[in-house]
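Step one of this worksheet: look at the structure below.
The values are calculated or read from the model by the stated rules, or taken from the named source; none is laboratory data. What you are looking at is a predicted structure, and each value in this text was computed from that prediction instead of being measured. When we count neighbours, we look across all protein chains shown, and the Cβ atoms used for this are built from the backbone with ideal geometry, even at glycine. All accessible areas refer to the heavy atoms of the entire protein, side chains included, with ligands and DNA or RNA removed. Shrake-Rupley method; radii C 1.70, N 1.55, O 1.52, S 1.80 Å.
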Amino acid sequence: MLDHLIRGATVVDGTGAPSYTADVGIRDGRIAVVAPPGTVTEEARTSEDATGLVLAPGFVDPHTHYDAQLFWDPYATPSLNHGVTTVAGGNCGFTLAPLHPGRPADADYTRRMMSKVEGMSLVALEEGAPWSWSSFGEYLDALEGRIAVNAGFMVGHCALRRYVMGEDAVGGQPTPAQLDEMLALFHEAMEAGAWGLSTTQSATHSDGDGKPVASRHAGPAELLALSRAVAAHEGTQIEAIVAGCLDQFSDEEIELLVAMSAEAGRPLNWNVLTIDAAVPERVPRQLIASERAREAGGRIVALTMPILTPMNMSLGTFCALNLIPGWGEILGLPVPERIEKLRDPDVRAEMLRRAGSKEAGVFRRLAHFGRYVIGDTYSPANEGLTGRVVQDIAAERGQEPFACLIEICANDQLRTVLWPMPTDNDPASWALRAETWQHEDVLLGGSDAGAHLDRMCGAPYTTRFLGDCLRGRKLMGLEQAVKMLTDDPAQLFGLRERGRIEEGWHADLVLFDPERIDAGKATLVHDLPGDSPRLDSRAIGINAVWVNGVETIREDVVTGAVPGTVLRSGRDTRTVSTK
């Protein structure tokens, strides 16, 4: 007997093939039957009429930071609401394990680092996760059986370094014995099911003490040794971040990434390729790394987002503005001193100069302060400004836009929420995106879901992208769009029998209304441990989501079931060799 029968759905199977109408039956977590409508004779415990609705494989998000959130939110909201049934975590060199059992303070260091570098609530990290593990395998075991999504995790380089080197991980170099210990620890993690290595060399990544995170101190020899270790395990790969990910790679960065992938014989993915017609040289430069990797026997895959993800800013708390060269020192001052500095015309002029310089890279886009929209305000002086554009307010007041913005924020003691309007929302940039998405080494993703919770909400990229394809810009057809969200990432990670609607494969499925599918506006909610805030977005037009054959979402509401599994390398992933 079937567990559930979905009748008359328009099946988009994930392969890119034309859609077709079929009945799809689920049994024991698998797709048991895909047949012409009305031809399934086997009885089903439950069934539903899906006429006019699209049935697609569950979406695979290749870049998330749900490592901690899954402990207090096993549904990985809002990703699951938006049809994501499999998430890749442990990215950017940051994981919650391994933790040295003899140094309890390392857990506190890790929490403060995650709070700073990934914008996670420190209270939520302290209160929401058990921190009961030491080894990476114990961390995976702590999640097993209690999550509603499928989740796989890389091992963070920072955690490996911290475990072996202690405080010397920041600033120090491992001795030969310590490197051997790091490699042994890494092998142990992959034997337990880790997907491979994640690391960062990005200048934007600092720990809770404001120091460069541990992996930034690693030299090429250490990175290549870890890459070779990846090659010893089935179903593994690499994720890496370097400073040039934000704008354009240096020659040295390209050489390093190519060597890492070639040494491992595995794909290496990086995040995130920003596509902007105003900077036409960026995409060709970034994809040179992919060309050279293939020549060297590796593969480098660029992740890119198919939507413009709104991200708010604030002069009062750490955000992307702090990452503009020279801005961090000013925005890190106590609030009264910060306001005094920001009101100084000479200081503002220098800040604007630095923000517009080549060294600011992709952060140059944040320097168009007239294009900011005022969000939440907190003082009588700012009443009525919410939703207004700074350049309009500045024109009324006869002020320069940045000076106007500073005064508005100062009235709120810098608590004002600011929403920058995207500078790359023009037809030329969208045409360039559609062209770039066709490249064999470009993959959709990079949501950062689970991180930067009160600043951005990238999780709904799946539904917003599909809505755009069906009713908006229509840059590609539905079948190809679904393939890019399902089979393409599943193939990159070597997921076994996931990413397609095919008999015998795991029943990770999304049923949606093509006339309605979309994502609601990001809104601030206080539902994290400690009443901490995050941005959330309602899924529109998603009728149901199944994970391993069990219904987890119905009409944007979680069912309470936790049928997800921790996807372990080798068992749940096959090797995607680059040689």
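So which residues in the range 322-350 are of a type outside the set (A, V, I, L, M), surrounded by 14 or more Cβ atoms within 10 Å (Cβ to Cβ) and in contact (Cβ under 8 Å) with a residue 60 or more places away in the chain, if there are any at all?
Listed by number, the list holds a single entry, ARG338.
Pull out all pairs, ordered by first then second residue, where Cβ-Cβ is under 9 Å, the residues are six or more apart or on different chains, the first lies in the range 233-256 and is in contact (Cβ under 8 Å) with a residue 60 or more places away in the chain and in a loop (DSSP other than H, G, I, E, B), and the second is of a type in the set (D, E, K, R) and open to solvent by less than 30 Å² (accessible area, probe 1.4 Å).
Sorted first by the residue in the range 233-256, then by its partner, the pairs are GLY235/ASP572; THR236/ARG266; ASP247/ARG282; GLN248/ARG282.
Among the residues of the range 352-389, how many are assigned to a helix (DSSP H, G or I) and in contact (Cβ under 8 Å) with a residue 24 or more places away in the chain? Reasoning before the result, please.
Quick first cut of the range 352-389, residues assigned to a helix (DSSP H, G or I) only: 352-355, 358-367, 369-371, 380-382.
Remaining after also requiring in contact (Cβ under 8 Å) with a residue 24 or more places away in the chain: 352, 354-355, 359-363, 365-367, 369-371, 381-382.
Here the count works out to 16.
Could you please find all residues in the range 111-134 being without any contact (Cβ under 8 Å) to a residue 60 or more places away in the chain and open to solvent by less than 10 Å² (accessible area, probe 1.4 Å)?
MET114, LEU125 - these are the residues of the range 111-134 that are without any contact (Cβ under 8 Å) to a residue 60 or more places away in the chain and open to solvent by less than 10 Å² (accessible area, probe 1.4 Å).
Among the numbered criteria (1) modelled with pLDDT of 95 or more; (2) within 20 Å of GLU350 (Cα to Cα); (3) in a helix (DSSP H, G or I); (4) not β-branched (Val, Ile, Thr), which one does ALA431 miss?
Tallying (1) modelled with pLDDT of 95 or more; (2) within 20 Å of GLU350 (Cα to Cα); (3) in a helix (DSSP H, G or I); (4) not β-branched (Val, Ile, Thr), ALA431 fails exactly one: (2).
Residues of the range 153-207 being touching a residue at least 24 places away in the same chain (Cβ under 8 Å), open to solvent by 40 Å² or more (accessible area, probe 1.4 Å) and assigned to a loop (DSSP other than H, G, I, E, B), which ones?
Of everything in the range 153-207, those that are touching a residue at least 24 places away in the same chain (Cβ under 8 Å), open to solvent by 40 Å² or more (accessible area, probe 1.4 Å) and assigned to a loop (DSSP other than H, G, I, E, B) turn out to be GLY171, GLN173, GLN201, ALA203.
Give the number of residues within the range 72-131 that are in contact with a strand residue (DSSP E or B) (Cβ under 7 Å, 6 or more places away or on another chain), hydrophobic (A, V, I, L, M, F, W, C) and either closer than 19 Å to LEU185 by Cβ or modelled with pLDDT of 95 or more (or both).
The total comes to 7.
Can you confirm whether ARG216 is charged (D, E, K, R), in contact with a helix residue (DSSP H, G or I) (Cβ under 8 Å, 6 or more places away or on another chain) and either at pLDDT 95 or above or not in a loop (DSSP other than H, G, I, E, B) (or both)? Spell out how you get there, then give the answer.
Working: charged (D, E, K, R): yes; in contact with a helix residue (DSSP H, G or I) (Cβ under 8 Å, 6 or more places away or on another chain): no; either at pLDDT 95 or above or not in a loop (DSSP other than H, G, I, E, B) (or both): yes.
In short, no.
Does the range 527-538 contain any residue that is hydrophobic (A, V, I, L, M, F, W, C), in contact with a Pro (Cβ under 8 Å, 6 or more places away or on another chain) and not in a loop (DSSP other than H, G, I, E, B)?
no
Taking interchain pairs and intrachain pairs at least six residues apart, which have beta carbon atoms under 6 angstrom, with the first residue in the range 265-290 and outside any strand (DSSP E or B) and the second modelled with pLDDT under 95 and buried (at least 24 other Cβ atoms within 10 Å of the Cβ)?
Note: pairs meeting the criteria are VAL272/GLY446.
Quick one: count up the residues across the range 267-321 that are farther than 30 Å from LEU342 by Cβ and open to solvent by less than 40 Å² (accessible area, probe 1.4 Å).
Taking the range 267-321 first, the residues farther than 30 Å from LEU342 by Cβ are 267-271, 273, 275, 277, 280-307.
With open to solvent by less than 40 Å² (accessible area, probe 1.4 Å) added as a condition, the list becomes 267-271, 273, 275, 277, 282-283, 286-287, 289-290, 293, 297-298, 300-307.
Qualifying residue count for the region: 25.
If you go through the range 460-499, how many residues are surrounded by fewer than 21 Cβ atoms within 10 Å (Cβ to Cβ) and either modelled with pLDDT under 95 or assigned to a loop (DSSP other than H, G, I, E, B) (or both)?
So the answer is 8.
Sort through SER447, SER429 and tell me the only one that's of a type in the set (Ser, Thr, Tyr), open to solvent by less than 50 Å² (accessible area, probe 1.4 Å) and under 30 Å from LEU331 (Cα atoms). Break it down into steps so the answer makes sense when it comes.
On the way: SER429 fails: under 30 Å from LEU331 (Cα atoms).
After ruling out the rest, the residue left standing is SER447.
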